[in-house]
Every structure is written in structure tokens, then in C-alpha cells.
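Notes follow once the structure below has been shown.
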């Protein structure tokens, strides 16, 4: 169990009392009151069972560890202590430790999350200025992941990317980044006024998948900036990509540091790399200065919880802290924070063996899948030798030989076998394995792929595949990037709406991102090209959701009215 935040309250301390507002009681019918009484009785039973279980767990813990049990995950322990106090909760949130919890949600998740949901109480800590258990939890995380300092994030890796770029870049500074960076990187430039210098990543046309950036590309971008009299304030690299492709960060960091430039790495998909010898090297171990990880993606914290790691002193930690204060909520969910602490604690118990089982499982599945007719697997050989490794827990399935787009294959797998991939592409779909992946999950996947093969494999492969490719999407949509103005200038400029198919040559005034993976095809300030228009129309027609567009059907588009 990764998160044991349980309440040691006794059954006679009041939290289980039936409560009906006088105003509600006045207008309720007898039938409604009888129904409400039944619901509250069920809640009382749930609380009673929880209290009994809690008392048993605490007694057992005390027998085993006495007071040393308090040396476990500090935030989890702090939440336990907070509930033990059984204080009258004249503070937020308004459900008051579950007394007024919505019954429809209690029916799904129980009362326990509400019992442990509180505000910044003295025994918990101050989110913006931690001095107690949160500070301890972050320090333990920094030690585990190999950072100088770590901050917990409750607004996702998006918040961490915003803070990282804002901490390194001021208005007018140049930021070198890949054109397939997450949309939050562009949002950061809107906020801080940085000017992008884009690197167009390598693109595999057969798969319609982008790789990462190479050391030579980074070196060239830095040199070009210097020739233009613009020293880059930072380099921003995404590694691994959504498909698991890892850039050579060791060389990239050496190049950056030789020019006095910090390296920021979006390692959202690589928080697990440190915990198995056959995983790619971590960004921190390769010299990155700021690293943002989605702890919830492959590790085990709650969705929306992430970590920001600082290494060394090339970036001012006080500025990072101030940026986070500006961007993060002042009312954090302590269960999100505790899930980060509990995940760190669980990993630290067996960091070198935790991923052994899933690593063996995914290798077995890849061996089986590689022999299914019409099914192909993305691997490092699909790209040039410029990339160091690929995440073994990220499996991308090619659908070209099935005569299906990734969207069509997803629809079939979802409806026929209950399989939900993480990412859907034009010619593939991507599966994320983790320590929570079971053999039953994998068996269902193999059966689903065999079903696709049996029913859709193109036996007259060459001719039919050529027809599919000719009718498909050709090339990366942003092979050439033309910026008319900065993202910030475009974001705040006057706007007008034009017909999308007639927008070629206009300056885009909005983000248009097929989601996932959240990589914008068009960004504010970019000149709209025919290639981008054709690409977006085709992915729309194939079933992609276009996030950010005022008109998600793309009949029209918002452009700058200069």
C-alpha cells in the first residue's frame, strides 16, 4: 500500500453524527428525510469500519515500531497526526472532515479522503514556506533522486515547466527549445517574454513520430544565437519523448555548460529511470540543471502531482522558489503532496528491485507481440544513431500494415477488448507500462493485438499499404518554423477569426494542439503554413482532439490582426 493515511478516531468522537441542515430539514419531504437518514446511516457504518481498521493498524504499528514509526514518510505521518487531534474544524475545506461530503462521491471513494483533506494546519506545514514535514519530505526526495533541492508540485509538470523557464529567462531573452516541446513551454514564453529559437527534431516518416534533439543541433543553435548577438538564457530539452526516445543529455549538457548556459529537461515521462540498471540514464545524472518529472505517470503518486529538481547553482534557487509561489495554488491538496511523499518512501525501500517484475513482463510481451503478423514495434533502430536510448516501459505499436490509423485501431481495441492506450498517433498507438501493470493487463493486450491481426492484416501488403500511405499524413507539420512575432506579443495582440483553410500566411493567434501528446502544431506568433493546415485537417478527420483551438472543428481559426 503506497498511501496509508488513516484516522485513529474513536467511534464516539462525533465525526459520525448524522447532520441535516435546518434549512434543508424545513423543506424536505418525509420520504426525503427517510432517504437522507438511510444515507447518513451508511456513512456512519463506513466511518465505524474505518475507525476499527485504523485502531487495529495503529496498535499493530505501535507494537512493531513504537515511536520509530514516526520516521516514515513525514507528510503521511503529519496527516495522521492532524486527524488524531479531532479538532473542531472551523477552517477550510467546507465539507469539514467529511461531515458534509457529497454522497455521490462518498459512494465511489468512501469517506477516508475527506477525513484527511485539510488546509495548511500547523501540524502539516506551510506550502510556500515549508519548515516542517513538507520540507523533510522534499529533502528526502532530493536525496533519492539525486538533486540539490526538490519542490513538490500540485499543479502538474506543466507548473514545473512554467517555473523552470521563468526562473532562467527574462523578457527578451532567447530560449533554445525543440519545436515539439510541450505546450507549457510556449505558455512559459508568453508569461516571461522569452524569444524562442526552435530546433526541428528528427522525424520518422514511416511512423509519423518525432524523436528528440541531438547534441549537434543544440550546438548549432547556440552558435547561431551568438552570431546574432543573442546569448541564449537556457536550453530546454524534452527527454524522453512521449514515445520514450531519449536524447544524449550528457553531450548536450556539456555543450550548454561550456557556453555558460543552463540546461532544463522536461523528464515528465522518465521519473522511473533511476530505479533499474537497464533504464536510460536520468537527466540529473547527465548534468541537467533543472528537471521536471511527472511522478504520477510511471511512478505511483496521484495524478496532477509532480516534482521539480534543481542541481547545482547555475539557476538561482530563490528565483525558482518565487516563480513557484506565483504559479502554484495557495490551497494545496495535502493528499496530493502526501502521495508524492509516500511514493518516495515506497521506492526507497527497494529502489534497485522495484521494477524487476514489470521489466521482465514487458520484455516477454514484446517478444510475443513481435511475432504477431501486421503488428510492428517502435525501437531505437527507427531513428538515427544520435539518440542514446529508449524507455523499455514505453511500447509503441505500429498499425500501418493493418490498413488502420492509430485512431481506428484504438477504437477497435477499446470497444472489443477494453484496452486504453496512453497515446494515439496517425500510424500508431503507445502503451505505458509501470509497476502497476499486471499479467492480466498484458494478456488482454496480446489478445487484442491478435484480434487486430486476424481481422485487419493486409495480406496484399505492398499495394494496399501504398494506398494507405498516399492517403495518409506526410511528414512533420512544422518542418519549417516562421515566427512573425514572439508568443507573448501574439498572445496579447488584437485578434480576428478567419476561415481555417484560407488562413495560410496569417499569423496564428492561438495554440492548436492535437491531444495527446500536447505538442502544438501552431502557436501564437507563428505564420500558418499549408503543411500545418493540411496536417491538422487530416488528424481532425482521423479523430484527434484539437485542444486550444477556439473552434475545435477547425472551420475557423483565431489569427493576429496587426
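The conditions are (1) at negative phi; (2) touching a helix residue (DSSP H, G or I) at 6+ places or on another chain (Cβ under 8 Å), and residue 202 fails exactly one of them. Which is it?
Looking at each condition in turn, residue 202 falls short on (2).
Anything in the range 365-381 that is over 25 Å from the mean Cα position of the chain (by Cα) and either within 13 Å of residue 401 (Cα to Cα) or part of a loop (DSSP other than H, G, I, E, B) (or both)? List them, or say none.
Those that are over 25 Å from the mean Cα position of the chain (by Cα) and either within 13 Å of residue 401 (Cα to Cα) or part of a loop (DSSP other than H, G, I, E, B) (or both): 370, 371, 372, 373, 374, 375, 376.
When you scan the range 377-394, how many residues do you find that are touching a helix residue (DSSP H, G or I) at 6+ places or on another chain (Cβ under 7 Å) and at pLDDT 95 or above?
Going through the range 377-394 one residue at a time, the tally reaches 4.
Could you grab me the full set of residues in the range 329-361 that are without any contact (Cβ under 8 Å) to a residue 60 or more places away in the chain and crowded, with 20+ Cβ neighbours inside 10 Å?
The answer is none; no residue qualifies.
Would you pick out the residues in the range 417-445 that are modelled with pLDDT under 95 and either surrounded by fewer than 17 Cβ atoms within 10 Å (Cβ to Cβ) or assigned to a loop (DSSP other than H, G, I, E, B) (or both)?
425, 426, 427
If you scan the range 102-122, which residues turn out to be in contact (Cβ under 8 Å) with a residue 40 or more places away in the chain and part of a loop (DSSP other than H, G, I, E, B)?
Listed by number, the residues that qualify are 110, 111, 116, 117, 118, 119, 120.
For the range 401-416, what are the residues that are at pLDDT below 95, buried (at least 23 other Cβ atoms within 10 Å of the Cβ) and in a helix (DSSP H, G or I)?
402, 406
Could you say whether any residue in the range 288-298 is more than 29 Å from residue 423 (Cα to Cα) and assigned by TED's automatic domain parsing to the domain that holds residue 161?
Scanning the range 288-298, I find no residue that is more than 29 Å from residue 423 (Cα to Cα) and assigned by TED's automatic domain parsing to the domain that holds residue 161, so the answer is no.
Is it fair to say residue 218 is assigned by TED's automatic domain parsing to the domain that holds residue 160, assigned to a strand (DSSP E or B) and in contact with a helix residue (DSSP H, G or I) (Cβ under 7 Å, 6 or more places away or on another chain)?
no
Only one of these conditions is not met by residue 84: (1) more than 21 Å from residue 305 (Cβ to Cβ); (2) buried (at least 20 other Cβ atoms within 10 Å of the Cβ). Which number is it?
For residue 84, the failing item is (2).
Looking at the range 526-562, which of its residues are within 26 Å of the chain's Cα centre (by Cα), on the phi > 0 side of the Ramachandran plot and buried (at least 18 other Cβ atoms within 10 Å of the Cβ)?
548
Any chance you could count how many residues in the range 123-165 are closer than 15 Å to residue 184 by Cα and in a helix (DSSP H, G or I)?
10
Please find, among 154, 83, the residue that is farther than 30 Å from residue 193 by Cβ and modelled with pLDDT of 90 or more.
Only one candidate passes the filter, namely 83.
Kindly evaluate residue 365 against the criterion of being in contact (Cβ under 8 Å) with a residue 60 or more places away in the chain and crowded, with 20+ Cβ neighbours inside 10 Å.
yes
Report, ordered by the first and then the second residue, all pairs with beta carbons closer than 6 Å, sequence separation of six or more or different chains, a first member in the range 309-324 that is over 14 Å from residue 288 (Cβ atoms), and a second member that is modelled with pLDDT of 95 or more and surrounded by fewer than 21 Cβ atoms within 10 Å (Cβ to Cβ).
317/149
The values are calculated or read from the model by the stated rules, or taken from the named source; none is laboratory data. Bear in mind that the values here come from a model prediction, so they are computed numbers and not experimental data. For neighbour counting, all protein chains shown are included, and Cβ atoms are generated from backbone atoms with ideal geometry for every residue, glycine included.
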